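The values are calculated or read from the model by the stated rules, or taken from the named source; none is laboratory data. What you see is a predicted model, and the numbers here were worked out from it, not measured in a lab. Using ideal geometry, Cβ is built from the backbone for each residue, glycine included, and neighbour counts are taken over all protein chains shown. Keep in mind that these areas ignore ligands, DNA and RNA; they rest on the heavy atoms of the full protein, side chains included. Shrake-Rupley method; radii C 1.70, N 1.55, O 1.52, S 1.80 Å.
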Amino acid sequence: MELLTHPWPWYTAGLIIGLIVPALLILGNKHFGISSNLRHICAACFPADIKFFKYDWKKEIWNFYFVGGIMLGGFIAAFYLNSGDPIQVNPKLVEELATYNITDFSQIVPVQLFNFESLFTLKGFIMMVVGGFLVGFGTRWAGGCTSGHAIMGLSNLQWPSLVATICFMIGGIIMANFILPYILNL
Amino acid sequence: MATQQELDDLKARELDAMCVNESELKHPWYYNLKYAVVGVVFGIVFIKAEIISWFRIQEMFRFQSFHMYGVIGTAVIVGAISVFLIKKLGIKTIHGEKITFADKEFNKGNIYGGLMFGFGWAITGACPGPLFAQLGSGVLSISIVILSAIAGTWTYGWLRDKLPH
């Protein structure tokens, strides 16, 4: 139990995530990918006569079961396999975040930024609404996210996925180092 | 024989190569529960290895920790060996179907969309999978981020013909 409740090392996590690729393939020829879900939700709920959303989303219904499972897994890990210790991060990051008044490391996200009240502040709006919008728009434009491109695509040696993954990293590095500090100072 | 409707359908889904999962088999709904089980394992790993932590993502983009690089690197190596073996040995699904792979075609969206997603990833500290695990772990405000991501996907679909690809 000790082993389960403490944070898992990178090699264990990497091994299990890597094995999800063959697991989905062998269970039913399914390609590991999560952002497509967002598209299936649009197709199921608000197709609005847009060509991109006019397809039989029910054929992709396995994907909803998959994310449903992810949510349940998140719940189990957080409530039953939790050591209760705050997350250990690089002291340099702790120091930097303190300058933006982010001091609460008890949750997986900084609750001082992500909460319903801060939604009505400019900073909270950018973090939650603008950030989410960029994720949804960007992944679909790129044709996949970290799972579809960086893991499934690279596993299948697809060079467009390598291009996309490099762009994910460049975008993230620019945002985290050069733009996010201004947003967090708002 | 596939009807015209089905062919159009497939074409529409092929715009997004990773989401074409054509199967001839008709199974009752509970066959899908096996994917939920895989999802549960994935969700637990997400939380326990802290991959979905906003803090870990900030460390990664600031090169302050090896953790995320180790996770993604190991996953890709294990995934690549698995795909290689499946192809080499002609492994079939548990229902005896052939396992198929589609080649991804390059388009400029891989670059523009990739950069855009990178911005969003660094802000929210999450890609689409982790968002669902974060919500499951009890951070209810993440539902706003998910709704906004759905809105982003919808807006992309709406503007799709006007965007460079």
Label-point gap, in nm, between B:Tyr31 and A:Ile166 - each point 7 angstrom along Cα→Cβ: 4.1
Per residue accessible area in Å² of segment B:126-165, where ligands, DNA and RNA are left out and the probe is 1.4 Å: 35
Among A:Ala150, A:Ala77, A:Ala48: highest mean-square fluctuation, GNM of chain A, C-alpha pairs under 10 Å: A:Ala48
At least 15 Å along the helix axis (C-alpha) and Kyte average at least 1.6, DSSP helices within chain A: A:10-28, A:159-174
Protein heavy-atom accessible area occluded, A/B pair - total, 1.4 Å probe, Å²: 11500
C-alpha center-to-center spacing [segment A:132-157, segment B:102-165] in angstrom: 8
Listed residues A:Pro22, A:Pro47, A:Pro91, most fluctuating in chain A (Gaussian network, C-alpha, under 10 Å): A:Pro91
Distance in nm between pseudo-label sites at A:Asn101 and B:Thr100 (7 Å out along the Cβ direction from Cα): 5.5
Peptide A:2-11, shielding by other chains (average Cβ, 10 Å cutoff): 4
Length-normalised contact order for chain A - Cα pairs under 8 Å, 6+ apart - percent: 24
Length-normalised contact order of segment A:1-81 in % [C-alpha pairs under 8 Å, at least 6 apart]: 24
Accessible area per residue in Å² at 1.4 Å probe, computed on segment A:113-186: 36
Cα-projected label distance for A:Leu19 with A:Glu117, points at 7 Å along beta-carbon direction, nm: 4.4
Those chymotrypsin sites (Phe, Trp or Tyr not before Pro) in segment A:85-186 that DSSP places in a loop and that have at most 12 other beta carbons within 10 Å: A:Phe116
Percent accessible area from carbon and sulfur atoms, the protein assembly as shown, protein chains only, probe 1.4 Å: 67
Relative contact order for segment A:113-186, counting Cα pairs under 8 Å that sit 6 or more residues apart, in percent: 26
